[in-house]
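First the structure, in the form of structure tokens, and then the observations on it.
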Amino acid sequence: MDYYNLSAAYYDRVYSFKDYQAETQKLQSIFKEKASIDINTVLEVACGTGNYLQFLQQDYTVEGLDISPNMVKEAQQKLPQVNIQQSDMRNFDTGKQYDSVVCLFSSIAYMLHEEDLTKAIHCMVKHLKPGGLLVIEPFVQKEKFTVGHLGALHHDWEDLKISRHNTNTLDDNDICQMDFHYLITNKEKGVQYFVEPHTMWLIPQALMLSIMEKAGLHAHFTFEGLLPNRGLFIGTL
């Protein structure tokens, strides 16, 4: 499913509050502290519109991939000098290996079954050089998740007005359902309203670490991540 079919064109404006530069600096600190080899090449899986790549490219040779054709289009327009391809994290093949592979901003949570999660992890590990570093940012950890949270986001620029509302549910398998209701107004398209469903898995830490270890990684979880309440899974091949 292309979760961002309609919202991709507005993604950067929706998340304009997010400090990608500061988060990238935290990621670089992790590279320096945790990697057993020098990090020179980085692949970002589920790179979205390329906001992390925009800053990572200043210090590394970078590439990216995303399953959404509209997100890839936005990223390619922003970063024409970077190789960004449309691919599924479960079965991609760039034909290369990298010093680090990263999958950020909870993108891994769209793997809703253990089989899909395992395929994605193994595919990422296949693209790591010996000694390479895998960094995965999950969705909110279950102990810090608030069922029924009321979400509202508003942006009011002269050329664009965006309002997004949502709540969430959590089933017995720790699958979260969030339906983002967008109301967008601009001069080109007038008033738009659409609903964007997002289904995400609050992946158990023990399961993720087990899959990473079986894929050949020395892995651990830390709450000292890029964002509050999400943490990071970090593995060294």
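Read-outs throughout are calculated quantities, based only on the coordinates presented, and are distinct from any laboratory measurement. If you're wondering where the values come from, they're calculated on a predicted model, not measured in any experiment. Note: ideal-geometry Cβ built from the backbone for every residue, glycine included; neighbour counts use all protein chains shown.
Structure summary
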| item | result |
| --- | --- |
| Violating pairs (Cα-Cα greater than 25 angstrom) within the set Lys142/Lys214; Lys34/Lys73; Lys32/Lys119 | Lys34/Lys73; Lys32/Lys119 |
| Likely footprinting exposure, Cys123, Cys47, Cys103, fewest C-beta neighbours within 10 Å first | Cys123, Cys103, Cys47 |
| Phe194-His149 pseudo-label distance in nm [points 7 Å out on the Cα-to-Cβ vector] | 2.5 |
| Residues of type aspartates and glutamates that Lys126 reaches as a straight line, Cα spacing below 12 Å, ignoring anything fewer than 8 places off in the same chain | Asp93, Asp99 |
| Stretchable slack from Asn173 to Glu158, in nm (0.36 nm times residue separation minus alpha-carbon distance) | 1.1 nm |
| Average projected area [Cα convex hull, the chain], square nanometres | 12.4 |
| Estimated FRET transfer efficiency (Thr185, Tyr15; beta-carbon r; R0 25 Å; 0.05) | 0.85 |
| Interchain or long-range residues, amide H under 5 Å from Tyr98's placed H | Leu128, Lys129 |
| Hz values of 3J(HN,Hα) by residue in segment 180-196 - Karplus curve (6.51, -1.76, 1.60), Gly and Pro given as x | 7, 9, 9, 10, 10, 10, 8, 6, 6, 10, x, 9, 10, 9, 8, 10, 10 |
| Ranked by how many other beta carbons lie within 10 Å on average, peptides 179-187, 59-67 from highest | 59-67, 179-187 |
| Distant-in-sequence amide H partners of Gly225 (H built 1.01 Å from N, under 5 Å) | Gly231 |
| Bins of 5 Å from zero: percent of alpha-carbon pairs in segment 106-184 | 3, 11, 16, 17, 15, 13, 11, 9, 5, 1, 0 |
